[in-house]
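Read the figures in this text as sums done on the coordinates, not as results from a lab. This is a predicted model, so every value here is computed, not measured. Note: ideal-geometry Cβ built from the backbone for every residue, glycine included; neighbour counts use all protein chains shown.
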Amino acid sequence: MRIASLNEAALIEELPALYELLLTDLRVGELLDERAEIDDGSGKEADLARAEARLAEAEEQLTTRRASQIDLRLERDGLKERRERDQHRLWQEAPSVHEAEALQANLQASALRLDEIATQLLDLDNRIEPLEHQREDEQRTRDELQAELSVVQANFAEQVKGIDAELRELHARRQAQVVTIAPVLLARYELIRSRRGDPGLVRVDGDTCEACHTQLTNYMQRMLQTGQRVQQCENCNTILYWVGEARRPQWDEELDGEELVVDDSGDE
Ligand SMILES: [Zn+2]
């Protein structure tokens, strides 16, 4: 703690550099917010995925129903041919009584089956037609969404180009800035920023902390004015960067050893 007071006085000299870092960080924050506001098309991508799923579902149903349609038509055509043959044999080929009975039973069975098939085919027609409309609708929706998505994505790429270039620049600037700041001060600043969503550092030239807008105690104001060590707001913990008038410490402030001890052990 005895050497700490020396270091802390030196840390005050680094506050302007820390303030420059803060400006960089604030700009990065602004740009990231701005970037997050720009539509990257993810909402439309989800719409498109849903439209494609509906289209695939309609197509699958159509395929299944058309396959049934083909099977039934083949069966129907086969039955019709067989009926032709049965009729022919019954009337033209003078079958025996036993044969004639069998042929008539066949004709009766095939007639019943043909009725069934006709009903089933009608039912399939009734289902296929709306499915075809649905598929056309889904195709149109998908095509529209695809077109809209490419526009949104192209706009996004165009709009973030400038932002991303500036972010890269700021990143490089930040890396150059952090090496000029004492690690202990930098770590404190970053901890405050991350923990509280606070700026981390605030410039003060009066009696108010500009981060939390509370009034500073007279004691804190004297500490800031005499500039012996880095101070943090007693209310919000933000590092206070004094840019107001400086004044010489009085003997009791200079020798305020107890305060140093308490703060050093309590803060770490
Ligand atoms: Zn504050």
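Considering helices alone, the calculated mean residue ellipticity of the chain at 222 nm is -27500 deg cm²/dmol, with DSSP H runs of length four and up weighted by -39500 (n - 2.57) and normalised per residue.
Under a model in which nothing but the beta-carbon of Lys, Arg (+1) and Asp, Glu (-1) is charged, the chain shows a dipole of about 640 debye around its Cα centre.
Modelled this way, with points 7 Å down the Cα-to-C-beta line, the labels at D205 and E132 are 8.0 nm from one another. Across the chain, Cα pairs under 8 Å and at least six residues apart give a relative contact order of 29 percent. Within the chain, the ratio Rg/Rh, alpha carbon atoms throughout and Rh by Kirkwood, equals 1.57. Rounded to the nearest 20 debye, the dipole magnitude of region 42-161 is 160 debye, with +1 charges on Lys and Arg beta carbons, -1 on Asp and Glu beta carbons, and the Cα centre as origin.
Footprinting exposure proxy ranking of Y19, Y241, Y219, fewest other C-beta atoms within 10 angstrom first, gives Y219, Y19, Y241. Helix 97-178 and the long axis of the chain differ in direction by around 20°, with both axes built from C-alpha atoms. Extension gain for the segment A100 to D33, taken as residue separation times 0.36 nm less the Cα-Cα distance, is 15.2 nm to one decimal. Amide H contacts under 5 Å for Q232: L240, restricted to partners 5 or more places along the chain or on a different chain, H placed in the peptide plane at 1.01 Å from N. Amide H contacts of T208: L216, each under 5 Å away and 5 or more positions distant or on a separate chain (H built 1.01 Å from N in the peptide plane; Pro and chain starts excluded). Fully extending the segment from Y19 to A165, taken as 0.36 nm per residue of separation minus the present Cα-Cα distance, adds 50.3 nm. Structural descriptor for region 42-161: relative contact order 51 percent, calculated from alpha carbon pairs under 8 angstrom and at least 6 residues apart.
Of the options I192, A165, T180, report the single residue whose Cα projects farthest towards the positive end of the charge dipole of region 128-197 (beta-carbon charges: Lys, Arg +1; Asp, Glu -1). Positive-most Cα among the choices belongs to T180.
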